[in-house]
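Contents: one structure, followed by commentary.
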Amino acid sequence: MGGKDAIIVADDADLEEAAAGVVQSAFGFQGQKCSACSRAIIDARVYDPMLEKIAERTAKIKLGDPTDNGNTMSAVINDKAFKTINGYIEKGKAEGGRVIAGGGSDGEQGFFIEPTVIADVKAGSTIEQEEIFGPVLAVIKANDYDDALRIANDTQFGLTGAVYSTDEAKLDRARNEFHVGNLYLNRKCTGALVGVHPFGGFNMSGTDSKAGGRDYLLLFMQAKVSSERVGATRKRAEAGTAI
Amino acid sequence: MPTEFRNEPLTDFSKEENAQAMRAALDKVKTQLGNEYPLVIGGKRIKTGATLDSINPVKHTELVGKFYKATKELANQAVETAYETFQTWRNVPAAERAELLFRVAALMRERKHEFSAWMIYEVAKTWPEADGDTAEAIDFLEFYGREMLRYASDQPLVKITGEQNHLDYIPLGVGAVIPPWNFPCAIMAGMTAAAIVTGNTVVLKPSSDAPAIAYKFFELLEEAGLPPGVVNFMQRTRGENATRATLGKACGRRDGRQGRNHCRG
(Lines give C-alpha, C1' and ligand atoms only; values in the text may rest on other atoms or scores of the structure.)
Protein backbone atom coordinates (compact mmCIF):
# COMPACT_ATOMS: atom_id res chain seq x y z
CA MET A 1 0.00 0.00 0.00
CA GLY A 2 1.02 3.59 -0.41
CA GLY A 3 3.07 5.47 -2.91
CA LYS A 4 5.77 7.99 -3.64
CA ASP A 5 3.98 9.23 -6.68
CA ALA A 6 5.78 11.50 -9.11
CA ILE A 7 4.76 14.02 -11.72
CA ILE A 8 7.36 14.58 -14.44
CA VAL A 9 7.39 17.97 -16.12
CA ALA A 10 9.24 17.84 -19.44
CA ASP A 11 10.95 20.88 -20.98
CA ASP A 12 8.20 21.17 -23.62
CA ALA A 13 5.26 21.01 -21.17
CA ASP A 14 2.50 23.58 -20.78
CA LEU A 15 3.86 24.97 -17.51
CA GLU A 16 0.61 26.53 -16.24
CA GLU A 17 -1.23 23.27 -16.73
CA ALA A 18 1.60 21.33 -15.10
CA ALA A 19 1.76 23.62 -12.07
CA ALA A 20 -2.00 23.36 -11.58
CA GLY A 21 -1.84 19.55 -11.80
CA VAL A 22 1.10 19.28 -9.41
CA VAL A 23 -0.43 21.52 -6.74
CA GLN A 24 -3.84 19.90 -6.94
CA SER A 25 -2.36 16.38 -6.76
CA ALA A 26 0.01 17.31 -3.93
CA PHE A 27 -2.39 19.06 -1.57
CA GLY A 28 -5.88 17.64 -2.19
CA PHE A 29 -7.08 16.26 1.18
CA GLN A 30 -3.82 17.53 2.69
CA GLY A 31 -1.79 15.11 0.58
CA GLN A 32 -3.30 12.20 2.48
CA LYS A 33 -4.00 10.06 -0.58
CA CYS A 34 -2.09 7.03 -1.76
CA SER A 35 -2.24 8.65 -5.19
CA ALA A 36 -0.99 12.08 -4.02
CA CYS A 37 1.89 13.67 -5.90
CA SER A 38 4.76 13.85 -3.41
CA ARG A 39 7.51 14.35 -6.00
CA ALA A 40 7.64 16.85 -8.83
CA ILE A 41 10.51 15.90 -11.14
CA ILE A 42 11.26 18.82 -13.40
CA ASP A 43 13.51 19.17 -16.42
CA ALA A 44 16.36 21.59 -15.59
CA ARG A 45 15.44 23.79 -18.57
CA VAL A 46 12.07 24.70 -17.03
CA TYR A 47 12.96 24.20 -13.37
CA ASP A 48 13.07 27.84 -12.22
CA PRO A 49 9.85 29.04 -13.87
CA MET A 50 8.06 25.90 -12.63
CA LEU A 51 9.21 26.51 -9.03
CA GLU A 52 7.80 30.00 -9.25
CA LYS A 53 4.45 28.82 -10.59
CA ILE A 54 4.15 26.01 -8.05
CA ALA A 55 4.97 28.37 -5.15
CA GLU A 56 2.49 30.96 -6.43
CA ARG A 57 -0.37 28.47 -6.64
CA THR A 58 0.49 26.91 -3.28
CA ALA A 59 0.41 30.34 -1.59
CA LYS A 60 -3.22 30.72 -2.73
CA ILE A 61 -4.38 27.66 -0.78
CA LYS A 62 -6.54 28.62 2.23
CA LEU A 63 -5.97 26.49 5.30
CA GLY A 64 -8.78 26.25 7.83
CA ASP A 65 -11.98 24.62 9.09
CA PRO A 66 -13.50 22.70 6.17
CA THR A 67 -17.10 23.42 7.21
CA ASP A 68 -16.32 26.79 5.57
CA ASN A 69 -16.27 26.16 1.82
CA GLY A 70 -13.84 29.06 1.37
CA ASN A 71 -11.08 26.93 2.88
CA THR A 72 -9.36 24.75 0.32
CA MET A 73 -7.19 22.71 2.68
CA SER A 74 -7.53 21.58 6.29
CA ALA A 75 -5.95 19.72 9.19
CA VAL A 76 -4.13 16.38 8.97
CA ILE A 77 -5.80 13.38 10.53
CA ASN A 78 -4.27 13.04 14.01
CA ASP A 79 -1.44 13.83 16.40
CA LYS A 80 0.75 11.00 15.16
CA ALA A 81 0.48 12.20 11.56
CA PHE A 82 1.09 15.81 12.67
CA LYS A 83 4.38 14.83 14.30
CA THR A 84 5.54 12.49 11.55
CA ILE A 85 4.86 15.02 8.78
CA ASN A 86 6.62 17.84 10.66
CA GLY A 87 9.54 15.47 11.21
CA TYR A 88 9.79 14.94 7.44
CA ILE A 89 9.76 18.70 6.80
CA GLU A 90 12.71 19.06 9.21
CA LYS A 91 14.48 16.12 7.61
CA GLY A 92 13.97 17.64 4.15
CA LYS A 93 15.59 20.88 5.27
CA ALA A 94 18.43 19.08 7.07
CA GLU A 95 19.23 17.15 3.87
CA GLY A 96 19.65 20.33 1.88
CA GLY A 97 16.11 21.07 0.71
CA ARG A 98 14.97 24.68 0.31
CA VAL A 99 11.47 25.54 1.55
CA ILE A 100 9.82 27.72 -1.11
CA ALA A 101 6.26 27.58 0.27
CA GLY A 102 4.74 26.81 3.67
CA GLY A 103 6.90 24.96 6.18
CA GLY A 104 4.97 26.06 9.25
CA SER A 105 2.42 24.26 11.41
CA ASP A 106 0.04 25.00 14.27
CA GLY A 107 -1.21 22.26 16.57
CA GLU A 108 -2.94 24.50 19.10
CA GLN A 109 -6.59 24.04 18.01
CA GLY A 110 -6.24 21.31 15.41
CA PHE A 111 -3.56 19.52 13.40
CA PHE A 112 -2.79 22.22 10.85
CA ILE A 113 0.27 21.97 8.62
CA GLU A 114 0.82 24.48 5.82
CA PRO A 115 1.03 23.17 2.27
CA THR A 116 4.79 22.86 1.99
CA VAL A 117 7.00 22.80 -1.09
CA ILE A 118 10.65 21.82 -0.68
CA ALA A 119 12.86 22.51 -3.70
CA ASP A 120 16.33 21.24 -4.64
CA VAL A 121 15.60 17.83 -3.10
CA LYS A 122 18.23 15.31 -4.12
CA ALA A 123 17.24 12.04 -5.74
CA GLY A 124 17.67 9.26 -3.20
CA SER A 125 17.31 11.50 -0.13
CA THR A 126 14.81 10.66 2.63
CA ILE A 127 11.86 12.84 1.56
CA GLU A 128 12.38 11.75 -2.04
CA GLN A 129 12.10 8.07 -1.07
CA GLU A 130 9.76 7.72 1.94
CA GLU A 131 6.01 8.19 1.88
CA ILE A 132 5.07 11.22 4.00
CA PHE A 133 1.26 11.06 3.59
CA GLY A 134 0.84 14.75 4.24
CA PRO A 135 0.98 18.16 2.53
CA VAL A 136 4.66 18.06 1.59
CA LEU A 137 5.89 18.20 -1.99
CA ALA A 138 9.53 17.45 -2.86
CA VAL A 139 10.78 19.08 -6.06
CA ILE A 140 13.69 17.43 -7.82
CA LYS A 141 15.68 18.81 -10.74
CA ALA A 142 16.33 16.36 -13.60
CA ASN A 143 19.04 16.81 -16.24
CA ASP A 144 16.70 15.73 -19.03
CA TYR A 145 13.75 13.44 -19.75
CA ASP A 146 15.86 10.24 -19.44
CA ASP A 147 17.04 11.37 -16.03
CA ALA A 148 13.48 12.28 -14.98
CA LEU A 149 12.16 8.80 -15.85
CA ARG A 150 15.08 7.18 -14.04
CA ILE A 151 14.42 9.22 -10.87
CA ALA A 152 10.67 8.58 -11.06
CA ASN A 153 11.17 4.80 -11.26
CA ASP A 154 13.86 4.65 -8.57
CA THR A 155 11.41 3.89 -5.76
CA GLN A 156 10.09 0.86 -3.92
CA PHE A 157 6.54 1.99 -4.79
CA GLY A 158 4.61 2.15 -8.07
CA LEU A 159 1.07 3.43 -7.65
CA THR A 160 0.36 6.55 -9.72
CA GLY A 161 2.41 8.89 -11.84
CA ALA A 162 1.92 11.62 -14.39
CA VAL A 163 3.84 13.23 -17.23
CA TYR A 164 3.32 16.72 -18.60
CA SER A 165 4.71 17.05 -22.12
CA THR A 166 3.55 18.18 -25.57
CA ASP A 167 5.84 15.66 -27.30
CA GLU A 168 4.07 12.50 -28.43
CA ALA A 169 7.31 10.48 -28.32
CA LYS A 170 7.86 11.38 -24.66
CA LEU A 171 4.30 10.43 -23.75
CA ASP A 172 4.66 7.11 -25.57
CA ARG A 173 7.90 6.42 -23.74
CA ALA A 174 6.20 7.11 -20.40
CA ARG A 175 3.48 4.59 -21.26
CA ASN A 176 6.19 2.02 -21.84
CA GLU A 177 8.77 2.92 -19.19
CA PHE A 178 7.09 4.71 -16.26
CA HIS A 179 6.39 1.73 -13.97
CA VAL A 180 3.16 2.56 -12.13
CA GLY A 181 -0.28 0.96 -11.89
CA ASN A 182 -2.06 4.19 -12.86
CA LEU A 183 -0.29 6.53 -15.29
CA TYR A 184 -1.77 9.89 -16.26
CA LEU A 185 -0.67 11.98 -19.24
CA ASN A 186 -1.12 15.76 -19.16
CA ARG A 187 -3.47 15.59 -16.17
CA LYS A 188 -3.27 15.29 -12.39
CA CYS A 189 -2.38 11.94 -10.81
CA THR A 190 -5.28 11.79 -8.30
CA GLY A 191 -9.02 11.30 -8.71
CA ALA A 192 -9.32 7.79 -10.18
CA LEU A 193 -12.92 7.10 -11.24
CA VAL A 194 -14.62 3.77 -10.58
CA GLY A 195 -14.88 1.73 -13.77
CA VAL A 196 -12.96 4.35 -15.77
CA HIS A 197 -9.59 4.07 -14.01
CA PRO A 198 -9.38 0.72 -12.19
CA PHE A 199 -7.03 1.60 -9.36
CA GLY A 200 -4.03 -0.22 -7.86
CA GLY A 201 -0.26 -0.27 -8.01
CA PHE A 202 2.94 -2.26 -8.34
CA ASN A 203 5.71 -3.35 -5.98
CA MET A 204 5.29 -2.03 -2.41
CA SER A 205 2.20 -0.12 -3.53
CA GLY A 206 0.22 -3.35 -3.57
CA THR A 207 -0.61 -6.44 -5.53
CA ASP A 208 -2.04 -4.48 -8.45
CA SER A 209 -5.53 -5.61 -7.46
CA LYS A 210 -7.59 -3.03 -9.28
CA ALA A 211 -10.41 -1.57 -7.16
CA GLY A 212 -13.26 -0.42 -9.38
CA GLY A 213 -12.20 -2.76 -12.18
CA ARG A 214 -13.47 -5.96 -13.76
CA ASP A 215 -11.06 -8.25 -11.87
CA TYR A 216 -11.79 -6.95 -8.37
CA LEU A 217 -14.68 -9.25 -7.36
CA LEU A 218 -12.59 -12.30 -8.23
CA LEU A 219 -10.60 -11.54 -5.07
CA PHE A 220 -13.71 -12.40 -3.05
CA MET A 221 -14.70 -15.57 -4.90
CA GLN A 222 -13.42 -18.88 -6.16
CA ALA A 223 -14.46 -20.66 -9.33
CA LYS A 224 -16.14 -24.03 -9.03
CA VAL A 225 -16.64 -26.25 -12.07
CA SER A 226 -19.23 -29.02 -12.16
CA SER A 227 -19.26 -31.58 -14.96
CA GLU A 228 -22.12 -34.02 -15.48
CA ARG A 229 -22.18 -36.92 -17.90
CA VAL A 230 -25.13 -36.60 -20.23
CA GLY A 231 -27.36 -39.66 -20.36
CA ALA A 232 -26.74 -40.85 -16.79
CA THR A 233 -29.90 -41.48 -14.76
CA ARG A 234 -31.19 -38.29 -13.21
CA LYS A 235 -34.46 -38.65 -11.30
CA ARG A 236 -36.40 -35.85 -9.79
CA ALA A 237 -38.14 -36.64 -6.48
CA GLU A 238 -41.93 -36.08 -6.50
CA ALA A 239 -42.92 -32.89 -4.72
CA GLY A 240 -43.42 -33.63 -1.03
CA THR A 241 -41.50 -36.92 -1.13
CA ALA A 242 -38.82 -37.42 1.52
CA ILE A 243 -35.34 -37.93 0.07
CA MET B 1 -31.48 -5.56 -15.75
CA PRO B 2 -29.94 -2.40 -14.31
CA THR B 3 -29.10 0.56 -16.52
CA GLU B 4 -25.59 0.98 -17.89
CA PHE B 5 -23.10 2.09 -15.21
CA ARG B 6 -22.49 5.84 -15.04
CA ASN B 7 -20.22 7.62 -12.55
CA GLU B 8 -22.05 9.65 -9.95
CA PRO B 9 -21.70 13.32 -10.94
CA LEU B 10 -19.77 15.63 -8.61
CA THR B 11 -21.66 18.50 -7.02
CA ASP B 12 -21.15 22.04 -8.29
CA PHE B 13 -21.06 24.06 -5.06
CA SER B 14 -20.85 27.36 -6.92
CA LYS B 15 -24.61 26.89 -7.43
CA GLU B 16 -26.34 28.42 -4.44
CA GLU B 17 -28.94 25.65 -4.09
CA ASN B 18 -26.16 23.04 -3.76
CA ALA B 19 -24.20 25.12 -1.25
CA GLN B 20 -27.44 25.63 0.69
CA ALA B 21 -28.07 21.86 0.76
CA MET B 22 -24.56 21.20 2.05
CA ARG B 23 -24.88 23.84 4.77
CA ALA B 24 -28.17 22.27 5.87
CA ALA B 25 -26.49 18.84 6.02
CA LEU B 26 -23.61 20.25 8.07
CA ASP B 27 -26.11 21.81 10.51
CA LYS B 28 -28.03 18.55 10.79
CA VAL B 29 -24.93 16.42 11.41
CA LYS B 30 -23.62 18.95 13.93
CA THR B 31 -26.58 18.19 16.21
CA GLN B 32 -25.55 14.52 16.19
CA LEU B 33 -21.90 15.05 17.11
CA GLY B 34 -20.81 13.37 20.32
CA ASN B 35 -23.36 10.51 20.17
CA GLU B 36 -22.47 7.02 21.41
CA TYR B 37 -22.29 4.02 19.10
CA PRO B 38 -22.49 0.34 20.05
CA LEU B 39 -20.93 -2.71 18.48
CA VAL B 40 -23.41 -4.62 16.35
CA ILE B 41 -23.12 -8.41 16.20
CA GLY B 42 -25.88 -10.36 14.49
CA GLY B 43 -28.08 -7.27 14.66
CA LYS B 44 -27.70 -6.97 18.44
CA ARG B 45 -26.45 -3.65 19.85
CA ILE B 46 -23.71 -4.24 22.42
CA LYS B 47 -22.02 -1.82 24.81
CA THR B 48 -18.83 -2.61 26.69
CA GLY B 49 -16.81 -1.02 29.49
CA ALA B 50 -14.45 0.98 27.29
CA THR B 51 -14.89 3.55 24.56
CA LEU B 52 -12.83 5.18 21.86
CA ASP B 53 -13.31 8.82 20.90
CA SER B 54 -13.46 10.04 17.34
CA ILE B 55 -12.25 13.65 17.36
CA ASN B 56 -12.55 16.39 14.75
CA PRO B 57 -8.98 16.95 13.41
CA VAL B 58 -9.55 20.72 13.27
CA LYS B 59 -10.76 21.04 16.89
CA HIS B 60 -9.20 18.97 19.65
CA THR B 61 -12.27 19.75 21.78
CA GLU B 62 -14.93 18.53 19.34
CA LEU B 63 -16.07 14.96 19.87
CA VAL B 64 -17.52 13.44 16.68
CA GLY B 65 -18.61 10.20 18.34
CA LYS B 66 -17.95 7.76 21.17
CA PHE B 67 -17.50 4.13 20.14
CA TYR B 68 -17.67 1.08 22.36
CA LYS B 69 -14.61 -1.09 21.97
CA ALA B 70 -14.77 -4.84 21.48
CA THR B 71 -13.05 -7.40 23.65
CA LYS B 72 -11.32 -10.46 22.24
CA GLU B 73 -14.38 -12.53 23.17
CA LEU B 74 -16.66 -10.19 21.26
CA ALA B 75 -14.32 -10.25 18.26
CA ASN B 76 -14.59 -14.04 18.30
CA GLN B 77 -18.34 -13.84 18.67
CA ALA B 78 -18.55 -11.51 15.68
CA VAL B 79 -16.60 -14.01 13.56
CA GLU B 80 -18.78 -16.92 14.76
CA THR B 81 -21.94 -14.95 13.98
CA ALA B 82 -20.63 -14.04 10.55
CA TYR B 83 -19.81 -17.71 9.97
CA GLU B 84 -23.31 -18.85 10.95
CA THR B 85 -24.89 -16.20 8.75
CA PHE B 86 -22.67 -17.23 5.85
CA GLN B 87 -24.52 -20.57 5.69
CA THR B 88 -27.69 -18.76 4.58
CA TRP B 89 -26.30 -15.62 2.91
CA ARG B 90 -24.22 -17.63 0.43
CA ASN B 91 -27.44 -19.17 -0.89
CA VAL B 92 -29.21 -15.86 -1.47
CA PRO B 93 -29.32 -15.45 -5.27
CA ALA B 94 -26.67 -13.11 -6.69
CA ALA B 95 -29.38 -10.93 -8.25
CA GLU B 96 -30.90 -10.27 -4.81
CA ARG B 97 -27.51 -9.43 -3.33
CA ALA B 98 -26.89 -7.03 -6.23
CA GLU B 99 -30.33 -5.45 -5.75
CA LEU B 100 -29.42 -4.76 -2.15
CA LEU B 101 -26.35 -2.79 -3.27
CA PHE B 102 -28.49 -0.79 -5.70
CA ARG B 103 -30.93 0.07 -2.89
CA VAL B 104 -28.05 1.18 -0.64
CA ALA B 105 -26.69 3.33 -3.49
CA ALA B 106 -30.10 4.97 -3.97
CA LEU B 107 -30.40 5.76 -0.26
CA MET B 108 -26.88 7.18 -0.14
CA ARG B 109 -27.61 9.33 -3.19
CA GLU B 110 -30.66 10.80 -1.41
CA ARG B 111 -28.55 11.69 1.64
CA LYS B 112 -25.37 12.43 -0.22
CA HIS B 113 -24.52 15.69 1.55
CA GLU B 114 -25.11 14.17 4.98
CA PHE B 115 -22.51 11.50 4.27
CA SER B 116 -20.12 14.19 3.05
CA ALA B 117 -20.83 16.29 6.15
CA TRP B 118 -19.82 13.41 8.41
CA MET B 119 -16.45 13.27 6.63
CA ILE B 120 -16.02 17.04 6.86
CA TYR B 121 -16.31 16.78 10.66
CA GLU B 122 -14.58 13.45 11.17
CA VAL B 123 -11.53 13.56 8.87
CA ALA B 124 -11.42 17.25 7.82
CA LYS B 125 -12.23 16.84 4.13
CA THR B 126 -13.12 20.01 2.25
CA TRP B 127 -16.53 20.11 0.55
CA PRO B 128 -15.34 18.93 -2.87
CA GLU B 129 -13.07 16.24 -1.39
CA ALA B 130 -15.91 14.88 0.77
CA ASP B 131 -18.34 15.06 -2.15
CA GLY B 132 -15.91 13.05 -4.29
CA ASP B 133 -15.56 10.43 -1.57
CA THR B 134 -19.34 9.97 -1.28
CA ALA B 135 -19.70 9.85 -5.08
CA GLU B 136 -17.03 7.14 -5.23
CA ALA B 137 -18.84 5.09 -2.57
CA ILE B 138 -22.04 5.27 -4.65
CA ASP B 139 -20.01 4.26 -7.73
CA PHE B 140 -18.58 1.19 -5.98
CA LEU B 141 -22.07 0.05 -4.95
CA GLU B 142 -23.46 0.51 -8.46
CA PHE B 143 -20.38 -0.97 -10.17
CA TYR B 144 -19.91 -4.05 -7.99
CA GLY B 145 -23.64 -4.79 -8.12
CA ARG B 146 -23.43 -4.92 -11.92
CA GLU B 147 -20.17 -6.86 -11.78
CA MET B 148 -21.80 -9.55 -9.64
CA LEU B 149 -24.57 -9.95 -12.21
CA ARG B 150 -21.92 -10.45 -14.86
CA TYR B 151 -20.09 -13.10 -12.82
CA ALA B 152 -23.38 -14.85 -11.98
CA SER B 153 -24.37 -15.17 -15.64
CA ASP B 154 -23.43 -18.21 -17.77
CA GLN B 155 -19.66 -18.36 -18.02
CA PRO B 156 -18.18 -19.41 -21.37
CA LEU B 157 -16.62 -22.89 -21.37
CA VAL B 158 -15.47 -24.99 -24.28
CA LYS B 159 -18.24 -27.48 -25.15
CA ILE B 160 -17.63 -31.20 -25.50
CA THR B 161 -20.11 -33.92 -26.37
CA GLY B 162 -21.51 -36.15 -23.65
CA GLU B 163 -21.05 -33.66 -20.78
CA GLN B 164 -22.75 -30.62 -19.33
CA ASN B 165 -20.26 -28.23 -17.76
CA HIS B 166 -20.85 -25.22 -15.55
CA LEU B 167 -18.54 -22.72 -13.91
CA ASP B 168 -19.90 -20.94 -10.85
CA TYR B 169 -18.21 -18.30 -8.78
CA ILE B 170 -18.74 -19.11 -5.12
CA PRO B 171 -17.85 -16.99 -2.07
CA LEU B 172 -14.92 -17.61 0.27
CA GLY B 173 -16.57 -17.28 3.69
CA VAL B 174 -16.04 -14.78 6.49
CA GLY B 175 -13.97 -11.70 5.78
CA ALA B 176 -12.50 -9.03 8.02
CA VAL B 177 -12.84 -5.63 6.38
CA ILE B 178 -10.31 -3.21 7.91
CA PRO B 179 -10.39 -0.10 5.73
CA PRO B 180 -8.18 3.02 6.01
CA TRP B 181 -9.36 6.47 7.18
CA ASN B 182 -8.37 8.47 4.10
CA PHE B 183 -11.33 7.44 1.94
CA PRO B 184 -13.45 6.56 4.93
CA CYS B 185 -16.68 6.26 2.97
CA ALA B 186 -15.53 5.10 -0.48
CA ILE B 187 -12.95 2.45 0.41
CA MET B 188 -14.87 1.23 3.46
CA ALA B 189 -18.12 0.89 1.50
CA GLY B 190 -16.35 -0.51 -1.58
CA MET B 191 -14.58 -3.30 0.31
CA THR B 192 -17.69 -4.18 2.30
CA ALA B 193 -19.94 -4.11 -0.77
CA ALA B 194 -17.55 -6.31 -2.79
CA ALA B 195 -17.41 -8.86 0.03
CA ILE B 196 -21.16 -9.16 0.60
CA VAL B 197 -22.35 -8.97 -3.01
CA THR B 198 -20.17 -12.00 -3.76
CA GLY B 199 -21.91 -13.92 -0.95
CA ASN B 200 -19.37 -13.56 1.86
CA THR B 201 -20.14 -12.28 5.35
CA VAL B 202 -18.13 -9.60 7.08
CA VAL B 203 -16.72 -8.28 10.32
CA LEU B 204 -16.27 -4.56 9.62
CA LYS B 205 -13.68 -2.82 11.79
CA PRO B 206 -13.42 0.76 10.54
CA SER B 207 -10.39 2.93 11.20
CA SER B 208 -10.41 4.37 14.72
CA ASP B 209 -9.94 7.77 13.02
CA ALA B 210 -13.17 7.39 11.05
CA PRO B 211 -15.71 5.11 12.76
CA ALA B 212 -18.73 7.46 12.57
CA ILE B 213 -18.98 7.55 8.79
CA ALA B 214 -18.69 3.73 8.77
CA TYR B 215 -21.50 3.40 11.31
CA LYS B 216 -23.70 5.64 9.15
CA PHE B 217 -23.03 3.31 6.20
CA PHE B 218 -23.79 0.29 8.38
CA GLU B 219 -27.17 1.83 9.29
CA LEU B 220 -27.87 2.31 5.59
CA LEU B 221 -27.22 -1.40 4.96
CA GLU B 222 -29.73 -2.30 7.67
CA GLU B 223 -32.28 0.16 6.29
CA ALA B 224 -31.90 -1.35 2.82
CA GLY B 225 -32.78 -4.77 4.27
CA LEU B 226 -29.45 -6.51 4.79
CA PRO B 227 -30.13 -9.49 7.09
CA PRO B 228 -28.55 -9.31 10.58
CA GLY B 229 -25.11 -10.93 10.83
CA VAL B 230 -24.06 -10.43 7.19
CA VAL B 231 -22.09 -7.37 8.29
CA ASN B 232 -21.05 -7.07 11.92
CA PHE B 233 -19.79 -3.72 13.19
CA MET B 234 -16.77 -3.64 15.51
CA GLN B 235 -14.39 -1.25 17.07
CA ARG B 236 -10.93 -2.37 18.02
CA THR B 237 -10.29 -4.74 20.87
CA ARG B 238 -9.61 -3.20 24.21
CA GLY B 239 -6.15 -2.39 25.47
CA GLU B 240 -4.20 -3.49 22.44
CA ASN B 241 -4.31 -2.93 18.75
CA ALA B 242 -5.00 -6.60 18.25
CA THR B 243 -8.08 -6.66 16.08
CA ARG B 244 -6.21 -7.99 13.09
CA ALA B 245 -4.56 -10.77 15.10
CA THR B 246 -7.76 -11.69 16.91
CA LEU B 247 -9.84 -11.81 13.78
CA GLY B 248 -7.13 -13.66 11.90
CA LYS B 249 -6.76 -16.25 14.64
CA ALA B 250 -10.47 -16.70 15.09
CA CYS B 251 -10.86 -17.30 11.39
CA GLY B 252 -7.89 -19.62 11.06
CA ARG B 253 -9.81 -22.47 12.63
CA ARG B 254 -12.04 -22.65 9.62
CA ASP B 255 -9.40 -24.29 7.46
CA GLY B 256 -10.71 -27.11 5.37
CA ARG B 257 -14.38 -26.24 5.79
CA GLN B 258 -16.55 -24.24 3.45
CA GLY B 259 -16.34 -20.73 4.81
CA ARG B 260 -12.73 -20.62 5.82
CA ASN B 261 -11.66 -17.11 6.31
CA HIS B 262 -10.01 -14.80 3.93
CA CYS B 263 -8.82 -11.67 5.71
CA ARG B 264 -8.15 -8.53 3.71
CA GLY B 265 -7.21 -5.10 4.97
Query raised in the report: Counting just the residues of segment B:118-155 that are over 29 Å from residue B:27 (Cα atoms), free of Cβ contacts under 8 Å to residues at least 60 places away in the same chain and more than 9 Å from chain A (Cβ to nearest Cβ), which one comes out surrounded by the fewest Cβ atoms within 10 Å (Cβ to Cβ)?
Result: B:154
Report task. Select from segment A:215-229 the residues that are at the interface with chain B (Cβ under 7 Å from one of its Cβ atoms) and not in a strand (DSSP E or B) and write down the one among them that is farthest from residue B:166 (Cα to Cα). Result -> A:216
**Report entry** Lone qualifier among A:26, A:40 - being touching a strand residue (DSSP E or B) at 6+ places or on another chain (Cβ under 9 Å), within 14 Å of chain B (Cβ to nearest Cβ) and not hydroxyl-bearing (Ser, Thr, Tyr)
**Finding:** A:26
Query raised in the report: Looking at B:51, B:85, which is the one that is farther than 21 Å from residue B:213 by Cα and either of a type in the set (A, V, I, L, M) or away from chain A (no Cβ under 11 Å) (or both)?
Result: B:85
Requested in this report: Considering every residue within segment A:166-176, establish whether at least one is of a type in the set (Ser, Thr, Tyr) and either assigned to a helix (DSSP H, G or I) or touching a Leu at 6+ places or on another chain (Cβ under 7 Å) (or both).
Outcome: no
Requested in this report: Residues being within 11 Å of chain B (Cβ to nearest Cβ) and among the polar types (S, T, N, Q): count how many of those fall in segment A:72-112.
Outcome: 4
Report task. Identify, by number, the condition in (1) exposed (fewer than 15 other Cβ atoms within 10 Å of the Cβ); (2) within 20 Å of residue B:8 (Cβ to Cβ); (3) not β-branched (Val, Ile, Thr) that residue A:212 doesn't meet. Result -> (1)
Query raised in the report: Would you say residue B:101 is within 14 Å of another protein chain (Cβ to nearest Cβ), surrounded by 19 or more Cβ atoms within 10 Å (Cβ to Cβ) and under 19 Å from the mean Cα position of the chain (by Cα)?
Result: yes
Query raised in the report: How do the pairs read when you match residues in segment A:142-158 that are more than 13 Å from residue A:38 (Cα to Cα) with residues anywhere that are among the polar types (S, T, N, Q), using Cβ under 9 Å and keeping only pairs 6 or more apart or on different chains?
Result: A:145/A:165; A:154/A:129; A:156/A:129; A:156/A:203; A:156/A:205
Query raised in the report: When you look at residue A:132, is it more than 12 Å from chain B (Cβ to nearest Cβ), assigned to a loop (DSSP other than H, G, I, E, B) and crowded, with 24+ Cβ neighbours inside 10 Å, yes or no?
Result: yes
Report task. Inspect segment A:120-138 for any residue being of a type in the set (Lys, Arg), at pLDDT 95 or above and farther than 13 Å from residue A:43 by Cβ and give the result as yes or no. Result -> yes
Requested in this report: Looking at (1) more than 14 Å from chain B (Cβ to nearest Cβ); (2) out of contact with any helix residue (DSSP H, G or I) (no Cβ under 7 Å at 6 or more places or on another chain); (3) in contact (Cβ under 8 Å) with a residue 12 or more places away in the chain, find the lone condition where residue A:165 falls short.
Outcome: (2)
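The values are calculated or read from the model by the stated rules, or taken from the named source; none is laboratory data. Predicted, not measured: the structure shown is a model, and the values here were computed from it. Don't worry about glycine lacking a Cβ; one is built from the backbone with ideal geometry, like all the others, and counts go over all protein chains shown.
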